[in-house]
């Protein structure tokens, strides 16, 4: 599949693409043994997606640590902008 994508003039990065839909801890849980150090835009990471917390809550799943931390930071940022 990667060669077909390459022939079309595109590239893929499996880890980066998966990080759009999974946290690093979830990927490790499902078998990724080596998590590469990549510069991935913060807005591309699943834990920073505004819908990520609701995804887990709607399914009665515990929030992964990354998602809970990102949600806490968003809440703090909102609280700081509301204060006079």
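Selection within segment 36-45: residues that are touching a helix residue (DSSP H, G or I) at 6+ places or on another chain (Cβ under 9 Å) and in a helix (DSSP H, G or I). The member of this set that is nearest to residue 15 (Cα to Cα) is 44.
For segment 1-20, filtered to residues that are touching a residue at least 12 places away in the same chain (Cβ under 8 Å) and not in a helix (DSSP H, G or I), the residue that is farthest from residue 70 (Cα to Cα) is 13.
Please count how many residues of segment 21-35 are surrounded by 10 or more Cβ atoms within 10 Å (Cβ to Cβ) and either touching a strand residue (DSSP E or B) at 6+ places or on another chain (Cβ under 9 Å) or not in a helix (DSSP H, G or I) (or both).
Of the residues in segment 21-35, the ones surrounded by 10 or more Cβ atoms within 10 Å (Cβ to Cβ) are 21-29, 32, 35.
Subsequent filtering for residues that are either touching a strand residue (DSSP E or B) at 6+ places or on another chain (Cβ under 9 Å) or not in a helix (DSSP H, G or I) (or both) retains 21-23, 32, 35.
The total comes to 5.
Would you point out the residue of segment 46-84, among those that are more than 18 Å from residue 25 (Cβ to Cβ) and outside any helix (DSSP H, G or I), that is modelled with the lowest pLDDT? Only one residue fits best here, namely 84.
The values are calculated or read from the model by the stated rules, or taken from the named source; none is laboratory data. Note that the structure is a prediction, hence the values are computed from the model and not measured. Glycine also receives a Cβ, built like all others from the backbone with ideal geometry; neighbour counts cover every protein chain displayed.
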